[in-house]
Amino acid sequence: MRLTFNKHEKLKSQKAIEQLFAEGQSVSAYPLRLVYKKNEHGLKVGVSASKRNFKKAVDRIRVKRLLREAYRLNKSMLIDHKIDNYTLMILYISKEIPDFKLVDTKMKKLLSKLKDQLSN
């Protein structure tokens with residue numbers, strides 16, 4: 001399996017994002033929070049870092065890059081357990097700029113929590 005994060009996997013639709021936050025469920029592993037909802041279009045993932053927490057755009061972009069990379073490396077956890085046809089939004093909710101090691105370990109924990117919650 002290739003560890004990629006292609007255009008067709010990215011959540012871009014404003015309508016889908018609004019519906020996700022209105023109707024979705026969430027799971028968290030501080031400093032990450034994941035909002036998810038079942039869909040019929042395959043796995044779609046978005047990442048976000050709040051402007052309230054990171055005033056400078058370079059900081060927000062850095063955090064989002066770290067989130068995308070951690071997801072890309074660990075998305076096999078979802079695919080191996082047949083978790084497709086979901087819309088996911090990964091949010092970074094802390095105010096400190098993280099290092100990759102922290103984001104990676106928390107992403108693994110977050111995805112395993114999601115896997116456990118969906119298997120119940």
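Just report the Cα centroid separation between the range 28-64 and the range 70-120, whole Å. That distance is 11 Å. In the complete set of protein chains, residue-level accessible area for S13 is approximately 60 Å², probe 1.4 angstrom.
D by Stokes-Einstein for the chain, Kirkwood Rh over Cα pairs, 25 °C, 0.890 mPa s: 170 µm²/s. Neighbours of R65 by Cβ distance under 15 Å: Lys/Arg scored +1, Asp/Glu scored -1, total +4. Residue-wise HN-Hα couplings along the range 79-89, as the Karplus relation 6.51 cos²θ - 1.76 cosθ + 1.60 with θ = phi - 60° gives them from phi, are 5, 5, 9, 6, 8, 10, 6, 10, 9, 10, 10 Hz; Gly and Pro carry x.
In the complete set of protein chains, residue-level accessible area for H41 is approximately 130 Å², probe 1.4 angstrom. Placing +1 on the Cβ of every Lys and Arg and -1 on the Cβ of every Asp and Glu, with nothing else charged, gives the range 1-92 a dipole about its Cα centre of roughly 520 debye. Computed on the chain, with alpha-carbon pairs under 8 angstrom and 6+ residues apart, the relative contact order is 36 percent.
Which residue, N53, L118, H81, has the largest displacement toward the positive end of the dipole of the chain when charges sit on each Cβ (Lys, Arg +1; Asp, Glu -1)? Result: N53, furthest along the dipole toward the positive end. Extension gain for S50 to K12 (0.36 nm times residue separation, less C-alpha to C-alpha distance): 12.0 nm. What number, in nm² with one decimal, is the all-direction average of the projected area of the convex hull of the alpha-carbon atoms of the range 52-120? About 5.0 nm², averaged over all directions. Structure note, pairs K51/K113; K64/K113; K56/K108; K75/K101; K10/K115: Cα-Cα distances above 23 angstrom occur for K51/K113; K56/K108. Ranking of D80, D116, D104 by solvent-accessible surface, largest first: D80, D116, D104 (1.4 Å probe, protein heavy atoms only, all chains present). From a point 7 Å beyond the Cα of Q117 in the direction of its Cβ, which residues of the range 40-63 have a backbone N at a distance under 20 Å? Within reach of a label on Q117: 40-50. What the Cβ-Cβ distance of L102 and A57 gives, at R0 = 22 Å and to the nearest 0.05, is a FRET efficiency of 0.55. Overall, the accessible surface of the chain at a probe of 1.4 angstrom is composed of carbon and sulfur to the extent of 48 percent.
The values are calculated or read from the model by the stated rules, or taken from the named source; none is laboratory data. Everything numeric here is computed off the predicted structure, so don't read it as measured data. Heads up, the Cβs are rebuilt from the backbone with ideal geometry, glycines too, and the neighbour counts pull from every protein chain shown. These accessible areas exclude ligands, DNA and RNA; they are computed on the full protein's heavy atoms, side chains included. Shrake-Rupley method; radii C 1.70, N 1.55, O 1.52, S 1.80 Å.
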